[in-house]
Amino acid sequence: MDRQLLVAVFFISGYVSFYMRMWSRGFRDPERSKVNRSAYRIFIILMTLVCATILNAVGYISGTSAVFYHNVGLFIVILALLDEDTNIGEYLLRCLMLVAIWMVYYVGHFSQIRFLISMAILVVVLILVRLFRVAIGPHFKYRLLIATTLAADFWFNLPAHPADMNTTQLSVVGAVVMFFLMKLSTGEQQRQFFENLKTAHLANYDELTSTKNFMAYQKDIINYFGSAHVNRLPLTVAQIDVDHFKLVNDQYGHLAGNQILTDVAQTLREIISQYGERYEVYRTGGEEFTLIFADTSIEEALQVMIHCWQEIRTQTFTYGQQAIHVTISAGMTGMRADDQSPEGIYKRADDSLYISKKNGRDTITINEKTQQLQDDSNHVTYAYFVRGIYDLKRDSGQELAANELTLRRFDRKSQTWVVPEQRHLNIETRIDLTRDALVNSHTRTLVTTLSIADFLNEDVGTKLAAYFHSPDGPDSLYLELDQLPAMNLLIPRVEFYHQQGIKIVLGQVDRSRHFERVNASLRYLDGVKCQIISTTKLPDLQKNIQFWGRVAQTWRIRFIIDGVNDKEQLKWLLAQKYINYLEGDYFGEPKLPLLNS
């Protein structure tokens, strides 16, 4: 008995150590992707099942050591049962494993009163563990009590000669005592493990907002900077400041200020999570936050930042009975080829943030150039110009298939139409402009670009669908996205638009550095667009077109080429495979539909 207990304690110590490492990666490591964490959580369940099955199988053939092996197998399953942070599905799987093992020992004895009593106790304990899991989690004494109760229920209620074991009253008592001592021996080990997790969390996370802190930023930016340099990938950094935060503290109190910071941080995390898992937010000062957009250009990151800016300025934050509104200022920059360290990126972003504040706050500045973000359509004239998209299947290659809408602003000073910095007009204004463009359009099939923020906005979707189905709406409507949201958000929105008869196209796929993510999304989309860049050499262009053309063909979606500039280019493209549609300045620059008439 003493020797078996010693072996059990050593084995369990090693197993618990390994198990807790896997558990922290699956449940408590925010730096891992959701897919990676899910993989570890699945691994934990499989590891528990395999180890418990092997130990119980060995117990069947081990003779006098059977109690030892069955006890260790039971310990492993109960250890997994008491995991913190499991969702209901994971918990039910653990319960199912424990019940299955339990019932194996009662084969041929299911009608005995012992079985009914044992199962009743087991079910009650399982329900209590789930209901009070938050209170139980941090207290080892509760976990020790629950685990020992389950072991006592298991061993004391077993029928005579279960699973070919020769048990006596003394051996049963010994098994429960062994189980208690095994669990007791892991108490300090688990306490130290959680203490280390807490220490690591406090070292890298801001206690108030639960975002990463400046120390974590300094560590992470070095890794991101090095990776971007070595792999020649873009890297964008944004500095954010909550406007007039001192006034919030003075007017509503410091506790209200703390609540605002917590809510702003939560909003930032929620927004960036909608774009995938490669972005990070840090609290780097009192009311200052820093965002790192790894493997993302300034143009791509700007969409995310505008989404954050819009969400915070339109949100009503509350403290007690007080409704509080705040805005943010931001500065953005990207890594340059001559950057020798990340400090230069941080300084440029901070300088741009200062310019945003100097220019009235509530805006975003990119490399010292402040963006025009607020809707000024009530005093500035906007219009949608159209540019033709041509069906390549026609003999001429130039039969108009659709018109793509491009926003223009009338500059009164130069008396010309110009490309605006402001591309985020409200949906009502854009529908009115679309209606005007469609009146004189040569085709009633339209393509319009939508930001991710608007694509995910249910109100925008409802109004677009209502316009599409209205008597003056287009016959066909395509929404073009320059980026993709997270897959769990993409799928329901695509399903909504498809139900309305509206199709979705992903633009600029040739610029995508995230092929796996893009490829996984194509089963839900209706087309992809590849942009011809003038500096691209012909062999590289052909390779790019062939690659994305094959991808589009695999998913049976439309393949569009944008950027056709001359007749020679058109002739060359007509000889390429896979292409369905063409557009570009060769067919005519964007024009007002009225002028085209």
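The values are calculated or read from the model by the stated rules, or taken from the named source; none is laboratory data. In this text the structure is predicted, and so the values were computed from the model without any measurement. With ideal geometry, Cβ positions are generated from the backbone for all residues, glycine too; neighbour counts draw on all protein chains shown. These accessible areas exclude ligands, DNA and RNA; they are computed on the full protein's heavy atoms, side chains included. Shrake-Rupley method; radii C 1.70, N 1.55, O 1.52, S 1.80 Å.
Summary table below
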| item | result |
| --- | --- |
| GluC sites (Glu not before Pro) restricted to DSSP loop in the range 157-252 with at most 10 other C-beta within 10 Å | Glu207 |
| Protein accessible area in the chain, 1.4 Å probe - carbon and sulfur % | 55 percent |
| Too-long pairs where the Cα-Cα distance tops 21 Å, listed order kept, from Lys369/Lys537; Lys34/Lys141; Lys219/Lys358; Lys358/Lys413; Lys463/Lys503 | Lys369/Lys537; Lys34/Lys141; Lys219/Lys358; Lys358/Lys413 |
| The range 550-597 - accessible surface per residue (Å², probe 1.4 Å) | 59 Å² |
| On Cα atoms only, tilt of 214-231 relative to the major axis of the chain in degrees | 60 degrees |
| Between 0 and 90°, nearest 10: helix 2-27 axis offset from the chain longest Cα axis | 10 degrees |
| Under 5 Å, built H, 5+ apart or other chain: amide partners of Asp243 | Thr327, Ile328, Ser329 |
| (i) 1.06; (ii) 2.50; (iii) 1.25, with the label sought being that of the calculated Cα Rg over 2.2 N^0.38 Å | (iii) |
| Residue-normalised accessible area of the range 1-140, given per residue in Å² at a 1.4 Å probe | 52 Å² |
| Estimated dipole of the chain in Debye, rounded to 20 [Cβ of Lys and Arg +1, of Asp and Glu -1, Cα centre] | 1320 debye |
| Long-range amide H partners of Glu280 with built H, under 5 Å | Ile292, Ala294 |
| Spatially proximal aspartates and glutamates relative to Lys571 (Cα-Cα < 18 Å; intrachain offsets below 8 disregarded) | Asp391, Asp395, Glu399, Asp540, Asp562, Glu583, Asp585 |
| Listed peptides 430-437, 355-362 by packing density, highest first (mean Cβ within 10 Å) | 430-437, 355-362 |
| Residue-by-residue Karplus 3J(HN,Hα) for the range 570-576, coefficients 6.51, -1.76, 1.60, Hz, glycine and proline x | 4, 4, 5, 5, 4, 8, 8 |
| Length-normalised contact order of the chain in % [C-alpha pairs under 8 Å, at least 6 apart] | 8 percent |
| Förster radius 22 Å - calculated FRET efficiency between Leu247 and Tyr354, Cβ distance, rounded to 0.05 | 0.70 |
| ³J(HN,Hα) computed for each position of the range 66-77 - Karplus, 6.51 cos²θ - 1.76 cosθ + 1.60, integer Hz, glycine/proline x | 4, 4, 4, 5, 5, 5, 5, x, 5, 4, 4, 5 |
| Packing-based order for 267-273, 312-318, 152-158, 549-555, using average beta carbon neighbours within 10 Å, highest first | 152-158, 267-273, 549-555, 312-318 |
| Computed accessible area, His201, all protein chains, 1.4 angstrom probe, square angstrom | 90 Å² |
| In order through the range 312-319: 3J(HN,Hα) via Karplus (6.51 cos²θ - 1.76 cosθ + 1.60), integer Hz, x for Gly, Pro | 6, 6, 9, 8, 9, 8, 10, 9 |
| Accessible area expressed per residue, the range 394-538, with surrounding protein chains retained (probe 1.4 Å, Å²) | 48 Å² |
| Residue-level accessible surface for Tyr40, protein heavy atoms, 1.4 Å, Å² | 50 Å² |
